[in-house]
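**Student:** Mind looking over this structure? Questions follow.
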Amino acid sequence: MFSHIDSALGGRPCDLEISNVSILDVYNGEIFDGRICVNGGRIVSLSGCRSRRSLDGKGMMAVPAFFDSHMHVEATMLVPWELARILIPHGTLELMMDPHEVGNVAGMDGIRFLVSLFEGVPIHPLVQVPSRVPSAPGLETAGHHLGPEEVAELLREPWAVSLGELNYQNALSGKEEYLRKIETALSMGKVVNGHAPGLRPPELDAYAALGIGDDHESVEPWEVVEKLRRGIWILVREGTTERNLEGLLRPLIGKMRDFRFFAFCTDDKHPNDILTEGHIDYCVRRAIELGIDPVEAIRMATLNPALHFRLDADLGSLAPHRLADILLLRDLERVEIDTVLFEGRVVFRNGGLIWSPRPKEIPEEYMRSVHVPEGLRPMDLLIGAKGEEALVRVIEIVPEQIVNREVRRWLPIEGGFIRAQYPVNHLAVVERHGRGGGIGRGFVEGFSLESGAIASTVAHDHHNLVVVGASPEDMVAAVRILEQAGGGFVAVRDSKPLALVPLPFLGLMSTEPAEKVVEALEEANEAAKELGCPLRAPFMQLEFVTLPTVPDLGMTDLGLVDARFFTLVDPVLETK
């Protein structure tokens, strides 16, 4: 600390001076010329000082590094050092990550291990401690349970910044477990993250009264307005299939006085989309294109989330004492990133990484987590019925959205089983944690598979094995292929894999280089298209069919869940 004072006052040289830059003051929107001095990884002066090293900013704009205010590392399918390789060029150094996928599969030990993998990686892992492991007790089978004591223990970790997203169904259930988790987080001065798609008053009032601090599930502008009125911050989401940014911001531009209580997040974004369009830099760029002032857009990616999560003493601005996580932009409005510094160390410059990842060993216990029932047969994935046809509940996909709709369709009964007819496909969730081997069965519309099957061991939030198909035989083959691979995504036709994305780390992530994962994912997406699927990101869409906390319906290993009433329902309404 004394060395910082000495450096700022010129008594001793600082570690680095960045000269010839314009500095964006995110506090008042001013842009001024300055010289950023860094000592011990922190900014000590904006007016210059003696230094051991200098960096010519070449007249560029210095802004704080970007925050992803809510994301799941597991959704990227990449281990931390590979994720850093593709995030650093896009300026995201602060990850507000909720590892409830790992928590559901591997519990507290898994979460701690995931965080340990960030050691030596130039990214700040800021953990939103999972609040709902499992998400829907009694409606799904997860690998672990994190109760109030486990959550309190994790919240005491130095990397814990908030209580992770708590869905309104659990929060408003009145169950002591969730109230204790909220009370513990608030007593520690930590934010409680929300999850409230489509929630209206008076339930929204009750939800806010619990102390919920934010929400990333808004799809319609009215949701934003209602939540803001109740003091709930808006995390504007732009992921792979959750495309909400334009739909939320465009109608609000010119109507909102300011965007002080907005931040950006990706929630779930596949690596191919990060490489092709960007990350939080894409959100900033898109917001500017829609008409938001560039300084306001930068604030939404920097100071706003830092203030919300009470991290502004260290992050979110370019001011003395703050960590020197700095971006140098060639163009502010186009968000063209030339240089990235992590704690005062250049890690990206002029199109190239100046940091080399050091892969770490993954214990075998985390590499073989997929265990499905022995002797699984095609008929085990079908719904038995008598008669000639059945009226059934069907999950209808809403493309590029997390929500879905319940529709009803008449389907034929053949050989004692209800048979899907195009465009409706069979849907099944097979328990894979070795906790009973349950199978949920139903129907889905929107994947439109004309033949074959696709399957995934990434299935929110229980992360059992989900498979959709036109052929029960191909569905069983897909299950077996993923079990042998240790998890991942697969597309199958005639019982043979067309494409496979192995995700052996807990059935959620790969240990391969990012480029190899992206190549495999694109092959899998193309294979799904060959089977007739029209969706841009079929495997991400498949992951959310199993989510029992987002309306209308979700499929788990225990059956079909009506997320509106948080209860199991029969897929079959009537037979004749």
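**Student:** Going through LEU553, LEU506, LEU521, LEU560 one at a time, which residue ends up being at pLDDT 95 or above, surrounded by 20 or more Cβ atoms within 10 Å (Cβ to Cβ) and touching a Ser or Thr at 6+ places or on another chain (Cβ under 7 Å)?
**Tutor:** So the residue among LEU553, LEU506, LEU521, LEU560 that is at pLDDT 95 or above, surrounded by 20 or more Cβ atoms within 10 Å (Cβ to Cβ) and touching a Ser or Thr at 6+ places or on another chain (Cβ under 7 Å) is LEU506.
**Student:** Now for a separate question. From the residues in region 383-412 that are modelled with pLDDT of 95 or more and outside any strand (DSSP E or B), which one is surrounded by the most Cβ atoms within 10 Å (Cβ to Cβ)?
**Tutor:** Out of the qualifying residues, it is ILE383.
**Student:** Scanning region 345-382 for residues that are in a helix (DSSP H, G or I) and charged (D, E, K, R), which turns out surrounded by the fewest Cβ atoms within 10 Å (Cβ to Cβ)?
**Tutor:** In this case the residue turns out to be GLU364.
**Student:** Just to confirm my filter: which strands (runs of 3 or more DSSP E) fall fully inside region 13-60 and include at least 2 residues that are in contact (Cβ under 8 Å) with a residue 40 or more places away in the chain and either out of contact with any strand residue (DSSP E or B) (no Cβ under 6 Å at 6 or more places or on another chain) or closer than 17 Å to LEU327 by Cα (or both)?
**Tutor:** Qualifying strands (runs of 3 or more DSSP E): 14-24, 31-39, 42-45.
Conditions tested, residue by residue: (1) touching a Pro at 6+ places or on another chain (Cβ under 8 Å); (2) surrounded by 24 or more Cβ atoms within 10 Å (Cβ to Cβ); (3) not β-branched (Val, Ile, Thr).
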{"position": "ASN425", "(1), (2), (3)": "no, yes, yes"}
{"position": "HIS433", "(1), (2), (3)": "no, no, yes"}
{"position": "ARG441", "(1), (2), (3)": "yes, no, yes"}
{"position": "VAL458", "(1), (2), (3)": "no, yes, no"}
{"position": "ASN464", "(1), (2), (3)": "no, yes, yes"}
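**Student:** Further, regarding this structure: Select from region 301-344 the residues that are surrounded by fewer than 17 Cβ atoms within 10 Å (Cβ to Cβ) and under 23 Å from the mean Cα position of the chain (by Cα) and list them in ascending order.
**Tutor:** Scanning region 301-344 gives a single hit, ARG310.
**Student:** If you don't mind, there's one more thing I want to ask. Collect the residues in region 547-576 that are closer than 20 Å to VAL133 by Cβ, assigned to a strand (DSSP E or B) and touching a helix residue (DSSP H, G or I) at 6+ places or on another chain (Cβ under 9 Å), keeping them in residue-number order.
**Tutor:** Once the filter is applied, which keeps residues that are closer than 20 Å to VAL133 by Cβ, assigned to a strand (DSSP E or B) and touching a helix residue (DSSP H, G or I) at 6+ places or on another chain (Cβ under 9 Å), region 547-576 yields GLY554, MET555.
**Student:** Condition check: in a loop (DSSP other than H, G, I, E, B) and either in contact with a Gly (Cβ under 9 Å, 6 or more places away or on another chain) or on the phi < 0 side of the Ramachandran plot (or both). Does SER135 satisfy that?
**Tutor:** yes
**Student:** Still on this model: So which pairs qualify, if the first residue must be in region 238-254 and closer than 16 Å to GLU296 by Cβ, the second must be hydroxyl-bearing (Ser, Thr, Tyr), the Cβ gap must be under 8 Å, and the two must be at least 6 apart or on different chains?
**Tutor:** Pairs that qualify, where the first residue is closer than 16 Å to GLU296 by Cβ and the partner is hydroxyl-bearing (Ser, Thr, Tyr), are LEU248/SER218.
**Student:** Could you tell me which residue of region 67-126 is farthest from HIS279 (Cα to Cα), considering only residues that are under 17 Å from the mean Cα position of the chain (by Cα) and among the polar types (S, T, N, Q)?
**Tutor:** Only one residue tops the list, namely ASN104.
The values are calculated or read from the model by the stated rules, or taken from the named source; none is laboratory data. Quantities reported herein were computed from a predicted structural model and do not represent experimental measurements. When we count neighbours, we look across all protein chains shown, and the Cβ atoms used for this are built from the backbone with ideal geometry, even at glycine.
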